[in-house]
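The values are calculated or read from the model by the stated rules, or taken from the named source; none is laboratory data. Here the structure is a predicted model, which is why all the values come from computation and not from measurement. Every residue, glycine as well, gets a Cβ built from its backbone with ideal geometry; the counts of neighbours run over all protein chains shown.
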Amino acid sequence: MVFGLVHLSGDPVLLMVSSDSPPDVVATTRHALGFDRPLHVQFGDYVRRVVRGDLGISLRSNRPVSALIWERLPATVELTVAALLIAVAVAIPAGIVSAVKRGSAVDRIAMVGAVAGQAVPIFWLALLLITLFGVHLRWLPVFGRGSLAHLVLPAVSLSTVILGRLARLVRSSMLEVLGQDYVRTARAKGVGELRVLAGHALKNAAIPIVTLLGLQFAQLLGGAVVTETIFAWPGIGRLVVEAIFNRDFPVVQGVVLVVSLIFVAVNLLVDLAYAALDPRIRTEAA
Amino acid sequence: MRRDAAFWLSAAAFAAILASALFAERLAPYAPNDQDILRRLQPPDLSAHVLGTDEVGRDILSRLIYGARISLLVGVIAVGVSCPLGVLVGLVAGYAGRRVDSVLMHITDIQLAIPTILLAIAVVAVLGPGLPNVILTLSVTGWTIYARLVRGETLAVKTRDFVQAARANGAGDVRIMVRHVLPNVVSPVIVVAVFAVANMIILEATLSFLGLGVEPSVVTWGRMLNGGRLYLRTAWWLTAFPGLAIFVTVLAVNLLGDHLRDWLDPRLRGSLGGAQL
Amino acid sequence: MPTRRDLFKQAGGAAALAALRPVAARAQTRKPAVTIGYPSTPETIDPHQFRSVLSGSIINLMGEGLLTRDPQTMEIRPLLAESVKNLNPNTWELRLRKGIKFHNGEEFNAECVKFTIDRAIHSKLNTLSKLTWPPSFGQDVVIVDPYTVRIVTKVPDPMVPSRLAAESMTMTPAKGLADYKEKFVTDRFVGTGPFKFVEHVVGDRVVVEANPAYWGPKPPSARIVVQVIPDAATRLAALQRGDIDIMLNLPFPLAPTVEADPNLRVYSELSSLTHGILFNARESAPLKDRRVRQALNMAVDRAAILKGLYSGRGQFLNTVTGRNVANTMDPGPYPYDPARAKALLAEAGFGQGFELTLWQSIGRWVLAEETAQVIAGYWDKIGVKTKVQVLEWAEYNKRAGGSAHKDCFYYAFINGTWDASYTVQRFKPNFATFRYFDASGDLLKTIEEYERTFDAKRRKELGAKALTGLHDEAVWLFLWQLDELFGVTRKVKGFRMRPDNVLHMRETYVEA
């Protein structure tokens, strides 16, 4: 499976079409780096090295790719986890309330908020937060990574990307479940409303929610580029975008490989969560 | 089925946006790229430029009206291509299970791991810049989310009694997938697809911003947003109006999507419950 | 040991001496560190690998070359060499300064000069020097004695001193970097400069600290921190908060915000980048005609654009080299005259107009897309239907250097040797890159003679003749040099941008 992943993620066609070397790279360098060899030879060589755990050397900074990724990955994970936690903490209660009070003012406001979160470009919100909390109130730092305070603004900005979608999804899944027999039965039996919602309904509505969370986690790991750029957050999104624009292939390939491995792990967890949520799935997904 | 004021309001808003897209030439007071750099950054003014002018002195209202065309096109086509594709992959993966599932989901993971910008560069390098290629990039990036969502739901739905019953009655796999599984997994897809329209509009802007999008003479809301970026503090109207346009569009699509879901989803429709089939 | 001050006296640099004086006093009222907000990660800390002027400015803090340039006048001055003498067209003799030590304690001598030039030009490494001083010149370093070297070139090269004064010719220790002759250094910097390397966190910051054993005047700051903050609005917020003292690349639209803040000011300096639109006169049929190229110059109201888009912060360019550069001259503008432009088009047989593609890159130059749009609008008005196409930078630049853009494209050139010959030579038909217009006849002869001439007065004449010729040929749509804007706190002193855009930060400090 590792080989399959490498083969597909390091797809030579895809990566090599973008391999127009910058004009200043002289032929000798090209030769020294081995880029003048046939593609399949380069690829075979790359696979052999990756299997040994060697991701190569960055063309631009001349540092090992694995070191570059290892330095940056914790920052990205930190930001992603924080943003997801904020999103979950806000979106799940908001989604449940909107579902229960369907059509009410609360529901409408939540929807407008959710849509606004999606329609407002992240740089706009980020700059607003920076100006307000960083420049005027001076409560929070505006760039870089370090203390918990450094994390607040980027995590809040990033969470808005997920928040709206998540809240709407919670709402729609809850709506479906609330109409079903066992919820009615539970209610009829006099089970408390909170227990009905938390115990029965949410659990049964959880599959799309868990899927979306898994997806978002994975996506943010590879792509919180705008947030990382605005807040000068030293994460992997900036690393890979800079590498793409500099045509620093070893870095691009390395990041794609590492991120796809993380995806596999995350999705395995998501599958396990399915099984835990709905025992009938267990036999199939195993 | 009950259709309230919100529905009619959103339908009207959507119709208005659609009309701007279709009849931009008749509606817009100026040509979208008519510029007068000596009258740049004019604030909104009812007598001349109703919504003001941008950083090179173009009329913002006219650009909004023209921008509806490409932004809607990009948003709707990209979602229109990626959503059915993803649903199909997810349905097959979830329903078939085992080998098929594992292969399809690995492809999905790899697609997810490839940065959009890398894909965009590859597309531009091979096919050149331009609108169709932007839509292609966005569609190729977009399908994975539906695939994963539908697959998860399908795994759950296919174990339910009504699916087993249909199978016992001799229904074929395709029939079961389309008639019994699909209606029961469609609800989260609609929620995500509606939001994806906004995402695509903004993503198009990001690609254009990086020189990987449509040519500069083509107006899009996303491009307007990006153009006004550095003027957020000094000229709010450059970003506020295109932002509002995206907001209204997504809100309208959202409300329409809600109705669509109510209509498609058997359990919410109340009459033809899936379990009774 | 002669001090650096003596050196400047010898060189007759009274102005430079005056510039140095205020630095000596008031050491106790300074902040311990100067923090500078950079827009992008320095690509390297290897003295010979860097490409960007921003990285070169950091190298310039820690390293030194044989010669240097005055931060204000750009005159060439001795630095690690005491003197430079031209023995014959192919041979230059340099006497080295004695008693100078690298940061690793190694002594600077003739071996190091030989090692440096071999590494920067004759190694396998992909260095900047190879581009500015190609190995085909056959540079060879002959060691006469430990403190005297001769640089012998196969080709007569009047530009040797200016090549030696470039940041890309920073001296490196022969023993300390012996293992790195064919390898770039990523984890240290060993130079002779006033600052020593502390750390480089890729994508985040570079830190240097004062070198207590420095041979020249002690720097006024104990530390300099280069902090990478890619987003301009965030960089400005950091400046307003006092997290950074100097902000690079202040975009024009944000300048009013800086001016409105009582603690901040805008520092601006004319950039050496020369902006223009290069016409492909070799392949695009209408653009082969000189009258068409002249017409396109007359069709654009540059004054309106400079005022409208750039708040008037810049100077017009009327030929292919900028102001301040050695041997430059200004042949005067093409008038803004759409009527005459139309007449010229008709004369050339294009009275009906024609279609043109104008290429532009995104994210490289400020307001680039808008500028291209406006210019296209002016050309449209004389009947030249212009389509603007944009491309991401790496691909764009590859096409630009590879002479592949049709019909015309926007570009901004630096001047690597600070002499008009740097841009003028590009119009020789045998030049490897950016071939869009081939000089011929008298113009070509002038350019070729200019390249070989050592006599200063004759060089000036030839330079003026070549530049006038290129103006008359209208090889570009000549645009402008823009101001480079910095946001700085009012407490920042001794910070300046050299006319060639290299930042002079050795004498920078922040009052407490």
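Checking the conditions here, which among B:166, B:147 is at pLDDT 90 or above and more than 30 Å from residue C:395 (Cα to Cα)? It is B:147. Per the listing C:288, C:196, the residue uniquely more than 14 Å from every other protein chain (Cβ to nearest Cβ) and without any contact (Cβ under 8 Å) to a residue 40 or more places away in the chain is C:288. Reported count of residues in the stretch A:216-235, each being under 18 Å from residue A:257 (Cβ atoms), touching an Asp or Glu at 6+ places or on another chain (Cβ under 9 Å) and within 7 Å of another protein chain (Cβ to nearest Cβ), is 1. Entry remark, the stretch C:167-188: residues being within 23 Å of the chain's Cα centre (by Cα) and either of a type in the set (Val, Ile, Thr) or at pLDDT 95 or above (or both) number 3 in total. Applying the set (1) modelled with pLDDT under 85; (2) more than 8 Å from every other protein chain (Cβ to nearest Cβ); (3) within 18 Å of residue B:75 (Cβ to Cβ) to residue B:137 leaves exactly one unmet item: (1).
Within the stretch C:253-276, is even one residue within 14 Å of chain B (Cβ to nearest Cβ), within 20 Å of residue A:230 (Cβ to Cβ) and in contact with a helix residue (DSSP H, G or I) (Cβ under 6 Å, 6 or more places away or on another chain)? Yes, there is a match, as at least one residue in the stretch C:253-276 is within 14 Å of chain B (Cβ to nearest Cβ), within 20 Å of residue A:230 (Cβ to Cβ) and in contact with a helix residue (DSSP H, G or I) (Cβ under 6 Å, 6 or more places away or on another chain). From the list C:437, C:427, the one residue that fits, being closer than 17 Å to residue C:358 by Cβ and surrounded by 18 or more Cβ atoms within 10 Å (Cβ to Cβ), is C:437. Within the stretch C:328-336, does at least one residue satisfy the condition of being more than 10 Å from every other protein chain (Cβ to nearest Cβ), of a type in the set (S, T, N, Q) and over 27 Å from the mean Cα position of the chain (by Cα)? No; the residues of the stretch C:328-336 include none that is more than 10 Å from every other protein chain (Cβ to nearest Cβ), of a type in the set (S, T, N, Q) and over 27 Å from the mean Cα position of the chain (by Cα). Here the condition is being modelled with pLDDT of 95 or more and surrounded by fewer than 18 Cβ atoms within 10 Å (Cβ to Cβ); of C:75, C:111, it holds for C:111 alone.
Is it the case, given these coordinates, that residue A:210 is more than 14 Å from residue A:81 (Cα to Cα), surrounded by fewer than 21 Cβ atoms within 10 Å (Cβ to Cβ) and out of contact with any His (no Cβ under 9 Å at 6 or more places or on another chain)?
It is true that residue A:210 is more than 14 Å from residue A:81 (Cα to Cα), surrounded by fewer than 21 Cβ atoms within 10 Å (Cβ to Cβ) and out of contact with any His (no Cβ under 9 Å at 6 or more places or on another chain).
Within the stretch C:244-263, if we keep just the residues that are surrounded by fewer than 19 Cβ atoms within 10 Å (Cβ to Cβ) and closer than 25 Å to residue C:32 by Cα, the residue that is nearest to the chain's Cα centre (by Cα) turns out to be C:249.
If you scan the stretch A:127-143, which residues turn out to be within 17 Å of residue B:230 (Cβ to Cβ) and either among the β-branched types (Val, Ile, Thr) or part of a loop (DSSP other than H, G, I, E, B) (or both)?
Correct list: A:130, A:131, A:135, A:142.
Checking the conditions here, which among B:194, B:189, B:178, B:163 is more than 14 Å from chain C (Cβ to nearest Cβ) and surrounded by fewer than 18 Cβ atoms within 10 Å (Cβ to Cβ)? Break it down stepwise before answering.
Values: B:194 fails: surrounded by fewer than 18 Cβ atoms within 10 Å (Cβ to Cβ); B:189 fails: surrounded by fewer than 18 Cβ atoms within 10 Å (Cβ to Cβ); B:163 fails: surrounded by fewer than 18 Cβ atoms within 10 Å (Cβ to Cβ).
Checking each option against the conditions leaves just B:178.
Counting only helices (runs of 4 or more DSSP H) that fall entirely inside the stretch C:353-431 and contain at least 2 residues that are basic (Lys, Arg), the qualifying elements are C:393-401. Name, by its number, the condition in (1) farther than 25 Å from residue C:188 by Cα; (2) within 23 Å of the chain's Cα centre (by Cα); (3) surrounded by 21 or more Cβ atoms within 10 Å (Cβ to Cβ) that does not hold for residue C:151. So residue C:151 meets the others, but not (2).
Kindly evaluate residue B:118 against the criterion of being surrounded by 19 or more Cβ atoms within 10 Å (Cβ to Cβ) and touching a residue at least 60 places away in the same chain (Cβ under 8 Å). Here the answer is no, as residue B:118 does not meet what is asked. Checking A:120, A:112 one by one, the residue that is buried (at least 19 other Cβ atoms within 10 Å of the Cβ), at pLDDT below 90 and farther than 22 Å from residue A:214 by Cβ is A:120 and no other.
Being crowded, with 22+ Cβ neighbours inside 10 Å and within 14 Å of chain A (Cβ to nearest Cβ): is that true of residue C:125 here? So residue C:125 fits the description; yes. Any residue in the stretch A:96-117 that is touching a Pro at 6+ places or on another chain (Cβ under 9 Å) and within 14 Å of chain B (Cβ to nearest Cβ)? No, the stretch A:96-117 contains no residue that is touching a Pro at 6+ places or on another chain (Cβ under 9 Å) and within 14 Å of chain B (Cβ to nearest Cβ). For residue B:85, the requirement of being more than 9 Å from every other protein chain (Cβ to nearest Cβ) and touching a residue at least 40 places away in the same chain (Cβ under 8 Å) is met. For the stretch C:102-133, filtering for residues that are outside any helix (DSSP H, G or I), of a type outside the set (Gly, Ala, Ser) and in contact (Cβ under 8 Å) with a residue 12 or more places away in the chain leaves 12. Taking the stated definitions as given, is residue C:394 within 28 Å of residue A:243 (Cα to Cα), at the interface with chain B (Cβ under 9 Å from one of its Cβ atoms) and over 23 Å from the mean Cα position of the chain (by Cα)? Answer is no for this residue.
Against the numbered list (1) within 14 Å of chain C (Cβ to nearest Cβ); (2) touching a residue at least 60 places away in the same chain (Cβ under 8 Å); (3) surrounded by fewer than 24 Cβ atoms within 10 Å (Cβ to Cβ); (4) not polar (S, T, N, Q), residue B:183 comes up short only at (1).
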